[in-house]
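Scroll down for the structure; my scribbles are underneath it.
The values are calculated or read from the model by the stated rules, or taken from the named source; none is laboratory data. The model shown is predicted, which means the values in this text are computed figures rather than measured ones. With ideal geometry, Cβ positions are generated from the backbone for all residues, glycine too; neighbour counts draw on all protein chains shown.
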Amino acid sequence: MCWNSKSKSGVIFGGINQDESIDRYLYTFTIDKDTVEVKKLLENKLFARYGSKCLFIDDEEILIIGGTSKDIVFNQDNTIIRVNVSTGKIQQVSINDENWSQSPIFVGFEIFTHENTVTCVGGGAVCFSFGSAWNPIFNIHLDDKEQVALFANSEVEDNQHNSNHSRKDTDRKKQQNNDSPVKITQIPLINFDQLTKSKWNEIIAENKPVVIKKAPLGESLEKWTSPEYLADKVGKETEVVIHSATSSNMNFQTKNFSYKTVKFEEFINSVFRDPNSVSYLRALSFDSPKEKATMFHKDFPNLANDFVLPNVLSYIKEAQHSSPLRITSPNSAVWLHYDVTSNILCQVVGIKKLRLYPPSDVDLLDFPSGKSSSLIEDVFKDEDVNQNSSLSPYECELSPGDVLFLPRMWLHATCTQSPSISLNFFWKDLKDDVYSAGKDIYGNRDIRAYENSRKMIERIKHMFEDDNIPEDVKDFYLRRLAEEVKYL
Ligand SMILES: O=C(O)CCC(=O)C(=O)O
């Protein structure tokens, strides 16, 4: 809804009908003493938005920004529209490519107007599989109404980013060793033929990564080296959703890749034959990609018999939360992140390097609150990271037949050196009610206690948003609280 105090009229749109659809009409209304007169003005699916904002930009025209619809996904041209409430003319407003590439989510945001600028603050969404996304501050300049443009206010964004970190500027963070890179511990190796059941139990009880060398993983080790064989078994025409990037280091927070739906044969050929491709398939459930976790044996039935988990590990297949097949082109890096479930990462084809950090390093590696992916562009190359002597990096290089035990919460990033195929088996090793209830397709949804604690932090924040508490007093008490949390 928005109101024009000059013309004493307003507009209403959106809102939910009794049949749970979002209303498609734009209504105008006037208020005369105790009487509100509402008129239907226009019907258009572009008005069926929930969570949008609107404002009068002059006596006749309104600007509608964002919202979500049940019927359409708003795009670069119709996320923002202008409507003339006298003539009923609807005009789409294009968001420029640079800002659109930041995937703005205009839901749950606020707008403020000052002079000829509308500032959009906040907005974002939580996906229980991929994590959360939030907007930078956007300004919409109204100087030239024919070309209403959206500008990300990056100056404000950077300041925000810094101030988030200023309070967390711990002593550990300052321990930079500028002379030489920090020593990287090689992850311990054990030969498969020494892996007894009791040795495996010791490994998982210790909760530290270990690489099992030369595990017999069935015929997959040989057969999956052929892209023709794979295309034949998966189906040449089978459509898969891949991560496609132009830079070799994919990053989930900066989203420097896009999701593309491609035919499997085209994808597998690019992985094996195109040295310039940066493509990555992290398999999803074919049936229900948004609802269910992928299970390799169900999703790739024609490859299932090729892959064998040796006896000592085979119980994990029975207990699995999910088993994503991962196919990656050479020289492609996957961002630093953590999973809440433990997993074994079985390398079937090619060489993959992994960098790991123990869970205790999480506060030093730029993980925004509530996110399971780091902001660091490329942890293998980042100089600050690699010279920070407070960190405890681990590495390993997986070859075909190697199986890495990757314990829950260990932060990890990967980088391929050749066409690579791996298969993970994730399993939950905590009591069921420790995990958050509901969907967790990727095995990375944070535990219930953390999710609930973050809600409480919102409440604490709210309590300190009191104009009567001066900044220095606020800072003092927030530091005191932070200490308390640190030693819980
Ligand atoms: O293999 C990759 O590229 C990613 C592996 C991973 O993230 C995992 O095993 O959890």
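Counting just the residues of segment 306-355 that are under 21 Å from Pro227 (Cα atoms) and away from the ligand (no atom under 15 Å from the Cβ), which one comes out nearest to the chain's Cα centre (by Cα)?
Phe307
Within segment 415-433, can one find any residue that is surrounded by fewer than 22 Cβ atoms within 10 Å (Cβ to Cβ) and at positive phi?
No; the residues of segment 415-433 include none that is surrounded by fewer than 22 Cβ atoms within 10 Å (Cβ to Cβ) and at positive phi.
Name the single residue, out of those in segment 387-409 being more than 17 Å from Ala333 (Cα to Cα) and of a type in the set (A, V, I, L, M, F, W, C), that is surrounded by the most Cβ atoms within 10 Å (Cβ to Cβ).
Out of the qualifying residues, it is Val403.
Where in segment 105-158 are there strands (runs of 3 or more DSSP E), lying fully within it, with 2 or more residues that are modelled with pLDDT of 85 or more and closer than 30 Å to His321 by Cα?
Result: 124-127.
Can you find even one residue in segment 99-109 that is touching a strand residue (DSSP E or B) at 6+ places or on another chain (Cβ under 8 Å) and surrounded by fewer than 15 Cβ atoms within 10 Å (Cβ to Cβ)?
Yes, segment 99-109 contains at least one residue that is touching a strand residue (DSSP E or B) at 6+ places or on another chain (Cβ under 8 Å) and surrounded by fewer than 15 Cβ atoms within 10 Å (Cβ to Cβ).
Between a residue in segment 394-412 that is more than 17 Å from Asp429 (Cβ to Cβ) and any residue that is among the aromatic types (Phe, Trp, Tyr) and within 10 Å of the ligand (Cβ to nearest atom), which pairs come within a Cβ distance under 9 Å, given they are 6 or more apart or on different chains?
What qualifies is Tyr394/Trp410; Leu411/Tyr338.
What pairs come out if I take residues in segment 307-334 that are on the phi > 0 side of the Ramachandran plot and pair them with residues that are in a helix (DSSP H, G or I) and more than 15 Å from the ligand (Cβ to nearest atom) whose C-beta lies under 9 Å away, six or more apart or interchain?
none
So that you can scan it fast, the table gives a plain yes or no per residue for (1) more than 27 Å from Trp335 (Cα to Cα); (2) in contact with a Phe, Trp or Tyr (Cβ under 7 Å, 6 or more places away or on another chain); (3) buried (at least 18 other Cβ atoms within 10 Å of the Cβ):
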site: Ser220; (1), (2), (3): no, yes, yes
site: Thr254; (1), (2), (3): no, no, no
site: Ser279; (1), (2), (3): no, yes, yes
site: Leu284; (1), (2), (3): no, no, yes
site: Lys292; (1), (2), (3): no, no, no
site: Met295; (1), (2), (3): no, no, yes
